[in-house]
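Beneath this line is the structure, given in structure tokens, with notes to follow.
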Amino acid sequence: MFLLNLSKSNIDLSCAEVQAFTKKESVLLDDLLLIEDQLDWKRFAYTKDVLRIIEQTTEEELESALNNIEWNNYYGKSYCVSKLGKLSIGVDKAGSIIWNRLDNPTVDLENPDMEVVLVKKGNIVFITIEEHENKESYENRRQHLRDEAYPISLHPRLARAMVNICGDVNEVMDPFCGTGGILIEAGLIGLSVKGCDINEKMVETTRRTMKKYGIAGNVEVENALKVEHKSAAVATDLPYGKNSPVKDIEKLYSDFFGHAKSLTDRIVVGTPKSIDCKKMLVENGWKVTGEFEVYIHKSMSKKIYAARLDS
Ligand SMILES: C[S@@+](CC[C@H](N)C(=O)[O-])C[C@H]1O[C@@H](n2cnc3c(N)ncnc32)[C@H](O)[C@@H]1O
């Protein structure tokens, strides 16, 4: 069993990108997601760290539980102890219990092989060991796109979550690819990617960025309403404001949702909150399976929808 420590910035989205892969039931405890499945942790954008549960106890029983664990089975060269939530036992006390149970104990607060994390949730204390820490450099990729001065770019963390919400697919297409934020995130986790944009400059930027990250894939100058490549999933961020050459943006969206049925049977789409795209998706035969609101900046919030075609 694992406890995923989710980013508080958007719990719904944080959960959804993981639950798109879980086969067994998961339980949300505030900002912690309790799951049974062992997943490819590296791919998740909004999971801060993953803790493997060694034992579940109460605060009263914690010292004896720590004493009864065969810590040598988990230990490498060094360890440290930290805690999440209000626990009366100090990390020093917990650390010294573990010290006494280890054959060759060494404490390393900076880079331990075994980080024991004591997590208090309600009346339960989970004794866990950190299995994965999210060190992905989303901010650096954002900086790179900023250098290109395209303010429409999705934050790479959000782009990654949208790709994940597509679920267990081996390819993703973005027909409004812009600077390629979604394709880059999909490519970096090993998916095949293809995309198009009506604007040649955007296509050039995407190709250049994909090359920089060593991502192969087909990106062409094409109209998303006419493109014909089929794909296991479409993940895309619809044009809005100045980056749409058409006046009737709602018609563009509706036409796209109609056309997208010939491209794929699962779609994850970013839309401006101000337009009711859920209705349009439903009217075009899509079944909406997820709906998330994302704050972008003070005058802009997005809605992300996940939708499928009923077979
Ligand atoms: C919101 S941006 C996509 C941003 C992208 N996700 C990123 O991270 O850079 C929408 C893009 O749709 C493109 N676009 C607008 N109308 C289009 C159409 N009919 N077919 C293809 N692309 C179109 C615009 O040129 C713009 O680059």
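The values are calculated or read from the model by the stated rules, or taken from the named source; none is laboratory data. All figures in this text were calculated on a predicted structure; none of them were measured in a lab. FYI the Cβ positions are ideal-geometry reconstructions off the backbone, even for glycines, and counts take in every protein chain you see.
Below, the figures for the structure above:
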item	result
One residue from GLU185, GLU148, GLU115, GLU131 being surrounded by fewer than 18 Cβ atoms within 10 Å (Cβ to Cβ) and either in the same structural domain as ASP92 (by TED's automatic domain parsing) or modelled with pLDDT of 95 or more (or both)	GLU131
Candidate set from region 195-225 (those that are within 8 Å of the ligand (Cβ to nearest atom) and of a type in the set (D, E, K, R)); member that is nearest to VAL163 (Cα to Cα)	ASP197
Meets criteria (surrounded by 18 or more Cβ atoms within 10 Å (Cβ to Cβ), touching a Gly at 6+ places or on another chain (Cβ under 6 Å) and modelled with pLDDT of 95 or more) for ALA159	yes
Matching entry among SER96, SER14, SER26, SER64 (being closer than 21 Å to PHE292 by Cα and free of Cβ contacts under 8 Å to residues at least 12 places away in the same chain)	SER26
Set SER153, SER192: member being under 19 Å from the mean Cα position of the chain (by Cα), at pLDDT below 95 and small (Gly, Ala, Ser)	SER153
Strands (runs of 3 or more DSSP E) enclosed by region 204-272 - at least 3 residues per element that are crowded, with 22+ Cβ neighbours inside 10 Å	234-237, 266-272
Sole residue being at negative phi, at pLDDT below 95 and not charged (D, E, K, R), chosen from GLY95, GLY90	GLY90
Residues of region 165-194 that turn out to be of a type in the set (Ser, Thr, Tyr) and more than 9 Å from the ligand (Cβ to nearest atom), as a count	1
Members of region 240-264 that are at pLDDT below 95 and in contact with a helix residue (DSSP H, G or I) (Cβ under 8 Å, 6 or more places away or on another chain)	TYR240, SER244, VAL246, GLU250
From LYS273, LYS302, residue being within 16 Å of the ligand (Cβ to nearest atom), in contact with a Gly (Cβ under 6 Å, 6 or more places away or on another chain) and either of a type in the set (Asp, Glu) or under 29 Å from LYS8 (Cα atoms) (or both)	LYS302
Selection from region 72-89 of residues that are surrounded by fewer than 17 Cβ atoms within 10 Å (Cβ to Cβ), of a type outside the set (D, E, K, R) and under 33 Å from the mean Cα position of the chain (by Cα)	ASN73, TYR74, GLY76, SER82, GLY85, LEU87
Output for region 266-292, where each listed residue is over 22 Å from SER231 (Cβ atoms) and touching a residue at least 24 places away in the same chain (Cβ under 8 Å)	PRO272, LYS273, ILE275, LYS278, GLU283
